[in-house]
Amino acid sequence: MAIGDVAPATAPTLAASPTAGRRRTRRRWRVSTVLGVGWIVLVLVAAVGADVLPLADPNAVDAKSALQPPSSDHWLGTDGLGRDQLSRLVHGAQVSMTVSVAAVAIGVFVGGLLGLTAGYLRGRFEGLVLGVSDVVLAFPGLVLLLVLLAYVGRSLVAISVIIGILSIPLYARVARANTLSVTEHEYVRAASVLGATRLLGVFREVLPNIVLPLTAYAFVALGRVIVLEGSLAFLGLSVKPPDPTWGQMIADSKRHISDTLWPLIPAASAMFFTVLALSLIGDRLRRTIDVRGEDA
Amino acid sequence: MGNDLVSGALSRTIRRVPRLALTLLAVSFLTFMLTNLLPGDPALTLLGENASDEQIEALRLDLRLDEPLLARYVQWLGDAFTGDLGTSYRTGQPVTEAIVERLPVTVELGLVSLAMSLVVSILLAVWSAYRAGGVVDRFLTTASFGLMAVPNFLLALLLVIVFAVRLGWLPATGWVRFSEDPIGNMKSVILPAIALGANEVAVFMRVLRSDMVTTLRQDSITMARSKGLSTRRILLFHAFRPSSLSLVTIVGVQVGAIIGGSVIIETMFALPGVGRLLVDSIAERDLITVQGLALVIGVSVILVNFLTDSLYSFIDPRIRDGDR
Amino acid sequence: MTSPDELLLEVVDVTTSFDTDLGRLVAVDGVSFRLHRGETLGVVGESGSGKSVLARSVLRLVGDRNAQVTGRVVLRGSDVLKMPDRELRRLRGGSAAMIFQDPMTALNGTMRIGSQLSESLREHLGLRRRQQRDASIELLRSVGIPDAERQLRSYPHQLSGGMRQRAMIAIALACGPDLLIADEPTTALDVTMQRQVLDLLDRQRAERSMSMMLITHDLGVVAGRADSIMVMYAGRIVERAPARRLFTAPRHPYTDGLLRSIPRLSDEPGRELATIPGSPPIVIGGSTACSFAPRCPRAQARCLNELPLLVEDARTDSPSSSDGHAYACFYPLGTESGDAALLGNRRAGSTAAGLPMAAFGPTGDGVPT
């Protein structure tokens with residue numbers, strides 16, 4: 001090797017990332033990721049098993065035992081109508097998970113497909129996809145969601161589908177951007193030169209490379225959808241009462257805040273930890289893909 | 001500023017106008033279609049089940065339901081241009097008037113919230129980046145994850161519990177106009193603004209910190225230090241300024257989130273703003289008002305994004321000259 | 001008031017290390033040297049040899065929070081490493097300044113050239129706006145930037161590469177420093193530009209009776225411009241000599257390898273340039289052996305077990321012994337033991353570090369005299 005014409009390897013800086021501290025940080029993240037995954041698994045189990053777990057009826061009203069703190073009868077206490085909070089929390093997980101998983105699945109699948117095709121074909125199709133997503137993204141998600149729900153009516157299916165459709169442009173953009181960066185690579189060009197049918201080429205070569213970024217994004221999006229559903233519940237526009245959702249529970253607790261915080265704590269914590277866990281997992285995934293993310 | 005540079009930025013801005021116009025047109029069309037693609041008879045849907053036949057007939061005429069769709073769109077767009085968004089069939093109030101009445105509340109809430117979150121996030125991000133890897137930095141990085149996991153309605157509720165219910169310092173609900181009582185106005189805006197802006201603090205802080213850390217590693221910072229400049233000057237002119245570009249973009253993007261959030265926050269704090277109007281109109285199925293609001297909000301978001309994009313090219317001389 | 005022999009900078013046993021996951025990375029290891037007023041010191045080494053970190057250590061610019069700089073850097077009588085921040089700020093940009101390899105990254109892309117000049121002038125000389133402008137124009141002219149008034153309003157990206165480099169030099173020279181540290185000032189430029197910029201630096205040095213540390217990976221850059229040259233390898237000085245002497249009678253095999261890899265006009269076309277096989281090591285902890293041994297054609301068992309220290313050349317004819325020729329090698333060029341080591345390795349076909357002699361190419365291992 002001849003003597004290199006390279007920039008100095010060590011660029012000393014005002015505030016370079018501390019290598020010693022980073023090791024600790026890394027370990028801490030690993031712990032938090034494991035905790036996050038554990039929590040999400042727990043929520044999923046609750047959501048799937050809500051109907052078979054030995055729980056009280058989430059909608060059974062018992063005015064005599066309203067607003068109780070946790071006890072052996074009601075592990076998480078009762079709400080303003082005397083309904084068992086643990087049962088409502090677990091059934092609420094079902095709604096939260098159904099809405100968010102369904103919405104994200106629709107968004108990832110359709111958006112991913114559109115973005116991938118747009119990024120590969122370029123040209124007029126790409127322009128159309130980008131143009132339409134510009135228009136949809138012009139509206140704040142919640143506003144468009146509210147407006148559409150006003151027309152379509154509110155049910156679990158409608159909410160999931162509309163959120164899913166509204167998020168298509170976001171996934172389409174992520175998928176398109178990643179497709180573009182992948183198609184810059186030689187091997188995809190080689191594949192298309194070798195005559196692999198164009199769209200088949202897209203799937204075989206590009207798909208594996210955009211799945212991870214999309215997944216990372218989807219985890220963060222799951223959390224967003226849970227918050228969105230909560231917002232709807234708060235505005236009284238989510239699934240119709242008395243069926244429990246976390247947002248509904250938080251909204252219900254509002255009436256009692258001057259007396260007791262027990263009705264607020266379970267649902268608020270559940271929502272907080274779920275969103276936090278999802279964003280930690282998403283962030284972890286993003287860092288594994290994006291080397292630059294180490295600094296971010 | 002050199003005239004050539006300003007004109008460079010201007011011409012770049014002007015070049016983007018046709019696309020802007022196209023997007024605006026598409027947004028208006030989408031909004032228009034919302035009411036007109038309703039299943040069944042729009043007049044019946046708008047007026048509700050118990051409207052009389054005469055009312056329905058009058059509305060059908062008013063909406064020109066007999067004319068072709070495109071003609072109706074052109075007519076509606078023309079009206080919208082002159083500031084006529086129709087009249088609510090629930091309240092009898094012109095939609096434009098209802099919006100204009102409530103706009104100041106939402107604009108004040110949004111601006112106060114944006115200003116607060118920018119100030120806080122810039123200070124924290126600069127500190128965090130300057131001492132990257134330090135205790136403060138690691139705490140703030142972790143805290144920003146936590147902050148982003150708190151939905152704004154939950155934060156609003158917690159703020160009300162602490163500052164209104166327990167401490168009794170600030171009102172839990174209601175709005176005092178600035179012209180009536182400036183201090184009362186500040187008091188009524190502060191909790192909603194915090195609840196609305198807290199998530200943005202985390203978003204802005206992370207974006208800016210990340211950019212600042214990258215900038216602080218560059219030779220330009222070593223160069224600036226080798227010139228004997230003060231730390232403050234280095235952080236402000238040599239680190240913050242080149243790093244503020246993504247922040248500007250993100251602020252533009254987040255304006256949509258702030259408008260969306262104001263819908264919840266205004267409802268939560270019973271503020272008479274545009275967001276509250278939207279929720280009320282939806283609850284009352286006042287679709288003409290909903291349509292007008294959707295148009296105004298969509299157009300505002302697009303215009304704000306257009307403006308921040310233009311601002312971008314004024315900040316970064318490289319972009320405004322068209323290279324990079 | 002300034003005598004030509006005035007000692008401007010004295011660096012004593014400076015060691016710069018970084019705490020890393022792997023341990024203490026020693027980037028600069030016990031470097032000492034002196035620089036007199038008006039002199040140019042060439043600091044030569046491959047990337048990773050520690051020369052850039054040394055340059056930054058002199059002005060206490062190593063910003064990494066895990067970095068530690070020990071030793072003494074005495075500039076005009078006061079120790080840079082110990083002075084209070086306020087005094088340090090006066091020194092940086094005032095009596096000592098620095099220029100960098102790539103002005104595109106070293107200049108602030110969002111500030112006009114004029115502002116980047118005048119912020120120094122204001123900070124150190126307290127000039128007012130009008131004076132800042134006049135001084136800035138004067139500075140830009142002196143570094144050969146045409147149409148200086150207009151260029152004050154330019155942003156770095158609007159200038160050509162050569163002009164950018166000149167602008168950076170003007171900024172560094174703004175407050176009339178006694179010491180200019182130039183870190184690879186010409187690496188980002190093409191050959192003709194390199195020459196112009198080096199000439200400019202040399203002229204400015206002479207006019208201002210300024211001292212200069214000229215840091216480069218390319219011995220060709222310092223040839224004819226440096227008064228003395230320091231060759232660095234793995235954070236240590238491996239050879240130090242007056243420039244002429246280093247070129248004519250190198251002692252260290254590494255210096256010899258560097259010299260052999262310079263293309264010369266007298267080369268017949270197609271001659272293969274000599275190369276030094278491998279790349280410099282990263283030193284973790286302290287060295288207990290010669291760091292160059294794994295790449296050295298003369299490496300013997302002793303080189304792998306013992307650290308050669310920098311010693312004065314016994315045969316030096318220079319009267320002032322401290323600024324004379326010194327090297328850190330057990331088997332230097334031009335000595336019997338050195339030649340014997342090389343011949344022994346040739347006969348064996350590989351060095352004591354296990355490197356095949358063929359790796360050095362036809363002439364790369366150094367011909368014993």
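The values are calculated or read from the model by the stated rules, or taken from the named source; none is laboratory data. Computed from a prediction, not measured in an experiment: that's the story for all the values here. Here the Cβ is made from the backbone with ideal geometry for all residues, glycine too, and neighbour counts use every protein chain on show. Ligands, DNA and RNA are stripped out before the accessible areas are found, and what is left, the full protein with its side chains, is counted by its heavy atoms. Shrake-Rupley method; radii C 1.70, N 1.55, O 1.52, S 1.80 Å.
List of remarks:
- Kirkwood Rh in Å, taken over region B:130-258 so that all alpha-carbon pairs contribute: 17.2 Å
- Isolated Cys residues of the protein assembly as shown, judged by Cβ distance under 4.7 Å to other cysteines: C:C175, C:C296, C:C329
- Förster radius 51 Å - calculated FRET efficiency between B:L20 and A:D259 (Cβ-Cβ, nearest 0.05): 0.45
- Exposed-site-free run, longest, chain B (rule: GluC sites (Glu not before Pro); DSSP loop; at most 13 other C-beta within 10 Å): B:181-324
- With a Förster radius of 56 Å applied to the C-beta separation of C:M83 and A:R124, the computed FRET efficiency comes to 0.25.
- Protein heavy-atom accessible area occluded, B/A pair - total, 1.4 Å probe, Å²: 4600 Å²
- Prolate/oblate/rounded call for region A:201-240, Cα gyration tensor, a/c under 1.5 rounded: prolate
- Inter-centroid distance (Cα atoms) of region B:236-313 relative to region B:57-110, Å: 20 Å
- For region C:157-282, the equivalent ellipsoid built from the Cα gyration tensor has semi-axes of 27, 18, 14 Å, listed from largest to smallest.
- In region A:83-127, trypsin sites (Lys or Arg not before Pro) in a DSSP loop with at most 16 other beta-carbon atoms within 10 Å: A:R122
- Principal-axis tilt of helix C:191-208 within chain C, Cα atoms, nearest 10 degrees: 70 degrees
- In region A:82-288, Cα pairs under 8 Å separated by at least six residues give a relative contact order of 29 percent.
- Once you divide the Cα radius of gyration of the protein assembly as shown by 2.2 N^0.38 Å, the number left is 1.16.
- Positions from region C:130-168 whose accessible area shrinks by 20 Å² or more when the full protein complex is built, not the chain alone, probe 1.4 Å: C:R153, C:Y155, C:H157, C:Q158
- Environment charge of C:L214, counting only residues whose C-beta is closer than 11 Å and scoring Lys/Arg +1, Asp/Glu -1: -3
- Among the chymotrypsin sites (Phe, Trp or Tyr not before Pro) within region B:206-310, not one is in coil by DSSP while having at most 14 neighbouring Cβ atoms inside 10 Å.
- Anisotropy class of chain B from Cα gyration tensor, a/c 1.5 cut: oblate
- 10 Å Cβ neighbours from other chains, averaged over peptide B:133-141: 3
- Per residue accessible area in Å² of chain C, where ligands, DNA and RNA are left out and the probe is 1.4 Å: 41 Å²
- Ignoring the sites themselves, chain C has its longest run without GluC sites (Glu not before Pro) in a DSSP loop having at most 16 other Cβ atoms within 10 Å at C:7-271.
- Cα gyration tensor category, rounded, prolate or oblate, for region B:98-152 with a/c compared to 1.5: oblate
- The fraction of accessible area contributed by carbon and sulfur in the protein assembly as shown is 60 percent, rounded to a whole number (1.4 Å probe; ligands and nucleic acids excluded).
- Per the accessible-area calculation with a 1.4 Å probe, the total area buried between chain C and chain A rounds to 1800 Å².
- Accessible area per residue for region A:82-288 is 39 Å², calculated with a 1.4 Å probe on protein heavy atoms, without ligands, DNA or RNA.
- Those residues of region C:169-186 whose amide nitrogen sits under 17 Å from the label point placed on C:E207, 7 Å along Cα→Cβ: C:169-180
- All-pairs alpha carbon distance profile, chain C, 20 Å steps from 0, percent: 28, 55, 17, 1
- Mean projected area in nm² (Cα convex hull; one quarter of hull surface) for region A:82-288: 13.0 nm²
- Here the calculated FRET efficiency for A:D62 and B:V135, from their Cβ-Cβ distance with R0 = 45 Å, stands at 0.35, rounded to the nearest 0.05.
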